[in-house]
Amino acid sequence: MSYFVHPTAVVDTGCQIGDGTRIWHFSHLMPRCVIGENCIIGQNVFVADGVKLGNRVKVQNNVSIYDGVECEEDVFLGPSAVFTNVLNPRSFIERKSEFKKTLLQKGATIGANATIVCGHTLGRYALVGAGSVVTHDVPDYALVAGNPARQIGWVSKCGHSLVFDGDGMATCPECGHRYKLTDNRVVPLQDE
């Protein structure tokens, strides 16, 4: 086995797990979920059937990831983040055929205790503030916060706020990569 599973974790037969992944205390991975390489699944995490996590995804403690959620590579899910998969759940009505897909694109970050309402896409390197409730799609590199979450700025791939000049140009203070803002869309000028 080329991955680590803590003795208290439950990994059901049929789950696919990539090399270098670490699964910690009291987590449960259902059959037919797919976990990429070098992922970290924190304590008390639930991963349902049909969930797909790309390479290097980090899932912090107490997160439940339900059917219909897909995370591309390098996604970060903060402690106690919440996902839904049905818009109008009722205990007495079976709505599994109504699950809505939620896609977190490469490098997206979800802050602690944030809620992601199903049926939306969070763009590349988007950053959702702690405690936010996301009820709509989030653009690439957008910083959103609040309930409901509203865009309050833009961030670099490194997660720093971007300040655009009069020409629509900004530079990440950590890595020096440059970004262009055109028509309310941020594009990196370097290859990722």
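The values are calculated or read from the model by the stated rules, or taken from the named source; none is laboratory data. What you see is a predicted model, and the numbers here were worked out from it, not measured in a lab. Backbone-built Cβ (ideal geometry, glycine too); neighbour counts: all protein chains shown.
Pairs linking a residue in the range 88-111 that is in contact (Cβ under 8 Å) with a residue 40 or more places away in the chain and surrounded by 10 or more Cβ atoms within 10 Å (Cβ to Cβ) to a residue that is in a loop (DSSP other than H, G, I, E, B) and among the acidic types (Asp, Glu), with Cβ atoms under 6 Å and 6 or more positions apart or on different chains, are Lys106/Glu72; Lys106/Glu73; Lys106/Asp74; Gly107/Asp74. The one condition from (1) in contact (Cβ under 8 Å) with a residue 24 or more places away in the chain; (2) farther than 16 Å from Gly111 by Cβ; (3) in contact with a Ser or Thr (Cβ under 6 Å, 6 or more places away or on another chain) that Pro188 does not meet is (3).
Once the range 117-147 is narrowed to residues that are β-branched (Val, Ile, Thr) and over 26 Å from Thr171 (Cβ atoms), the residue that is surrounded by the most Cβ atoms within 10 Å (Cβ to Cβ) is Val134. Number of residues in the range 10-38 that are part of a loop (DSSP other than H, G, I, E, B), hydrophobic (A, V, I, L, M, F, W, C) and either over 19 Å from Ser64 (Cβ atoms) or in contact with a Lys or Arg (Cβ under 8 Å, 6 or more places away or on another chain) (or both): the value is 2.
Of the strands (runs of 3 or more DSSP E) lying entirely inside the range 132-192, those carrying at least 3 residues that are within 17 Å of the chain's Cα centre (by Cα), aliphatic (A, V, I, L, M) and within 28 Å of Leu87 (Cα to Cα) are 142-145. If the condition is being part of a loop (DSSP other than H, G, I, E, B), under 25 Å from Arg22 (Cα atoms) and among the acidic types (Asp, Glu), then the range 46-98 contributes Asp49, Asp67, Glu72, Glu73, Asp74. With respect to (1) buried (at least 18 other Cβ atoms within 10 Å of the Cβ); (2) without any contact (Cβ under 8 Å) to a residue 40 or more places away in the chain; (3) closer than 30 Å to Ser2 by Cα; (4) under 14 Å from the mean Cα position of the chain (by Cα), the lone exception for Gly54 is condition (2).
To keep it simple, each residue is scored yes or no on (1) over 21 Å from Trp154 (Cα atoms); (2) in contact with a His (Cβ under 9 Å, 6 or more places away or on another chain); (3) hydrophobic (A, V, I, L, M, F, W, C); (4) modelled with pLDDT of 95 or more.
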| residue | (1), (2), (3), (4) |
| --- | --- |
| Val59 | yes, no, yes, yes |
| Asp67 | yes, no, no, no |
| Phe76 | no, no, yes, yes |
| Val86 | yes, no, yes, no |
| Pro89 | yes, no, no, no |
| Leu103 | no, yes, yes, yes |
| His120 | no, yes, no, yes |
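Exactly one residue among Ala48, Ala81 is among the aliphatic types (A, V, I, L, M), more than 30 Å from Ser156 (Cα to Cα) and touching a residue at least 12 places away in the same chain (Cβ under 8 Å), and that residue is Ala48. Checking the stated criteria, Arg150 turns out to be more than 28 Å from Gly18 (Cα to Cα), surrounded by fewer than 16 Cβ atoms within 10 Å (Cβ to Cβ), at pLDDT 95 or above and among the basic types (Lys, Arg). Of all the listed residues (Val117, Val86, Val128), the sole one being among the β-branched types (Val, Ile, Thr) and in contact with a helix residue (DSSP H, G or I) (Cβ under 7 Å, 6 or more places away or on another chain) is Val86. In the range 22-39, of all residues being among the hydrophobic types (A, V, I, L, M, F, W, C) and surrounded by fewer than 17 Cβ atoms within 10 Å (Cβ to Cβ), the one that is nearest to Cys118 (Cα to Cα) corresponds to Val34.
If I filter the range 57-87 down to residues being in contact with a strand residue (DSSP E or B) (Cβ under 6 Å, 6 or more places away or on another chain) and of a type in the set (Ser, Thr, Tyr), which single residue comes out as nearest to Pro31 (Cα to Cα)? Ranking the candidates gives Tyr66 first.
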